[in-house]
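Okay, structure first, notes after.
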Amino acid sequence: MIKIYHNTRCKHSRTGLEYLKSKTDNFEIVEYLKNPLSAEDIEDIIDMLGVDPVDIVRKQEDYYKKSIKGKNLTKEEWINEFAANPKIIQRPIVINGNKAVIGIPPENIDTIL
């Protein structure tokens, strides 16, 4: 089943959700700010995306700017930061099987459908 990790307050996430709805109705919405992800879930998502953890950071978030910017964190440290501060994770993230993509722009979602 397709999953979309979604933040209802984020314009990009809402756009990605609407795009996904236009393609299929067979998906699950995961509101990851209300239902926090485990460190294991986050590591799995990073691995499915095939990126370095820093590539999924929302660098415009205040927490990132004040507490993380300029630090050289290990993968494990990034995962712990994401688990403790999920607002700094890019969104939406869409997963289909063992493939994942960040839905910005929303057309990126096509690559895993």
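Note on the range 34-66: residues that are among the hydroxyl-bearing types (Ser, Thr, Tyr) and more than 13 Å from ILE88 (Cβ to Cβ) amount to 1. Looking only at the range 59-108, filter to residues that are in contact (Cβ under 8 Å) with a residue 60 or more places away in the chain and over 17 Å from ASP41 (Cβ atoms); which one of those is surrounded by the fewest Cβ atoms within 10 Å (Cβ to Cβ)? Only one residue fits best here, namely GLU107.
Looking only at the range 1-58, residues that are buried (at least 17 other Cβ atoms within 10 Å of the Cβ) and part of a helix (DSSP H, G or I) come to 14 in all. For first residues located in the range 26-43 and under 18 Å from GLU81 (Cα atoms) and of a type in the set (S, T, N, Q), partners that are buried (at least 17 other Cβ atoms within 10 Å of the Cβ) and modelled with pLDDT of 95 or more and lie 6+ apart or on another chain with Cβ distances below 8 Å form the pairs SER38/ALA83.
The values are calculated or read from the model by the stated rules, or taken from the named source; none is laboratory data. These figures come from a predicted structure and were not determined experimentally. Counting neighbours? That spans all protein chains shown, and the Cβs are built from the backbone with ideal geometry, glycine included.
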